[in-house]
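Everything below concerns the one structure shown next.
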Amino acid sequence: MSSTIKTGFAALLVTMTLAGTASAQPFDFDSLDADGNGEITQAELDAHRAARFAEADTNGDGELDAAELAAMAEARRAERAARMVARADADGSGGISLDEMPGSDRRGDRFERIDANGDGAISREEAEEARGHRRGHRDGRPGRG
């Protein structure tokens, strides 16, 4: 991997975190690679960041105030919700039923995994073990047990 890509990727992660693009949309290499040469340069990242900033700076004063940041966060939430509906709405109703909710098809499996002793009930210890396991995965580390 070239140093341009390594440097660019590190800067991209920082830029996406600061600008909120990581949660707003999936990583799109092609949209950041403005010249289409297969590499993302610092200049391309800077241009992308400046464009996102300008889009959020609705009053054009060169600063993002609390209202502009709140509007940007709300727009990201609305985009995520729309994508969730589009992915999960199997019957095309425009909404998500309980059965269409992500993970609904795995509910029974999840209960059985947490009920480690198979007695049909989840004890406090089993619940705490499952919570510790999930926390470890969220932190990027393998969970317990």
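The values are calculated or read from the model by the stated rules, or taken from the named source; none is laboratory data. All figures in this text were calculated on a predicted structure; none of them were measured in a lab. FYI the Cβ positions are ideal-geometry reconstructions off the backbone, even for glycines, and counts take in every protein chain you see.
Of everything in region 113-145 that is at pLDDT below 85 and charged (D, E, K, R), the residue that is nearest to the chain's Cα centre (by Cα) is 138.
Here are 93, 104: which of them is polar (S, T, N, Q) and modelled with pLDDT under 90?
Values: 93 fails: modelled with pLDDT under 90.
So the residue among 93, 104 that is polar (S, T, N, Q) and modelled with pLDDT under 90 is 104.
Within region 45-76, the set of residues being closer than 23 Å to residue 32 by Cβ, under 15 Å from the mean Cα position of the chain (by Cα) and not hydrophobic (A, V, I, L, M, F, W, C) comprises just one member, 76.
When region 43-89 is filtered for residues that are in contact with an Asp or Glu (Cβ under 8 Å, 6 or more places away or on another chain) and exposed (fewer than 11 other Cβ atoms within 10 Å of the Cβ), the ones remaining, listed by number, are 59, 63. Say whether the condition of being surrounded by 10 or more Cβ atoms within 10 Å (Cβ to Cβ), among the charged types (D, E, K, R), without any contact (Cβ under 8 Å) to a residue 40 or more places away in the chain and under 30 Å from residue 122 (Cα atoms) is met by at least one residue in region 90-103. Checking region 90-103: at least one residue is surrounded by 10 or more Cβ atoms within 10 Å (Cβ to Cβ), among the charged types (D, E, K, R), without any contact (Cβ under 8 Å) to a residue 40 or more places away in the chain and under 30 Å from residue 122 (Cα atoms).
List every residue pair whose Cβ atoms lie under 8 Å apart, where the two residues are 6 or more positions apart in sequence or sit on different chains, the first residue falls within region 31-45 and is in a helix (DSSP H, G or I), and the second residue, located anywhere, is charged (D, E, K, R). Final answer for the pair search is 32/44; 44/33; 44/35.
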